[in-house]
Amino acid sequence: MNSTDRRPSATTPDEESPEITGEYDSYLMDSFGRSLLKELQENSRLSVAELSRRVGLSATATAERLRQMEEQGILRSYTVMIDRLALGLDVMAFIRMTCDGQHYYRLMEFIQTLEEVREFHHLTGGDAFLLKVTTTSMSALEALIEALLPYGNPVTSLVLSTPIEARPYNVTGNLTSAPRRNRAARRR
């Protein structure tokens, strides 16, 4: 089985998803599970056969462990990172948004329609939201900021450089108390 043969397990609309509560099954986060996560973070395209060699499990046991990690939401996706500059997205910025109650839900809906938004975080403190955005130019960023004005007060910070991007999680610690999520892994 190669990496393209790994498919997320998902329920069809006719199937009922099991209710998941409590903690992850602790055996999934043992030394083998942590080794699998470490290897997948370095290269999510590794075949099951290669993963099994690297972590010291049989291919069958590795495939089953991956399936269970997907079912419990530990593995949420197998993904590719694309250089934004190759797409002509030369400007990256963070926009903090404050808004009053009457605009709050309208802003949340509007943000979903904006292709420029890469990440969208709901915050505590003075700001309601933090948006990570990419645009092709400063004029495109200006137009985006103007489009946000009817919903609240945007405060923008331009990114000059990114010394650390998408740092892998340290999976050597005790992660067994994390709550389960009912999400199957998916390829993006």
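Any read-out appearing in this document is the output of simple, stated calculations on the displayed coordinates, not a laboratory observation. No experiment lies behind these values; they were computed from the predicted model shown. Note that each Cβ is placed from the backbone with ideal geometry, even for glycine, and that neighbours are counted across all protein chains shown.
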Task: Estimated FRET transfer efficiency when R0 is 25 angstrom, pair residue 41-residue 162 (beta carbons, to 0.05) - done: 0.90
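Could you compute the FRET efficiency for residue 60 and residue 80, with r as their C-beta to C-beta distance and R0 at 22 Å, rounded to 0.05?
On the way: r = 27 Å, r/R0 = 1.23.
After rounding, the FRET efficiency stands at 0.25.
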- [ ] Quick one: grab the alpha carbon gyration tensor of segment 84-158, order the square roots of its eigenvalues as a ≥ b ≥ c, and give me rounded if a/c is under 1.5, else prolate or oblate depending on whether a/b is larger than b/c.
- [x] prolate
Open item on the list: Below 11 angstrom from the Cβ of residue 54, what's the summed charge of the other residues (Lys, Arg +1; Asp, Glu -1)?
Closed with: -1
Open item on the list: Based on alpha-carbon centroids, what's the gap between segment 147-172 and segment 67-143 in Å, whole number please?
Closed with: 8
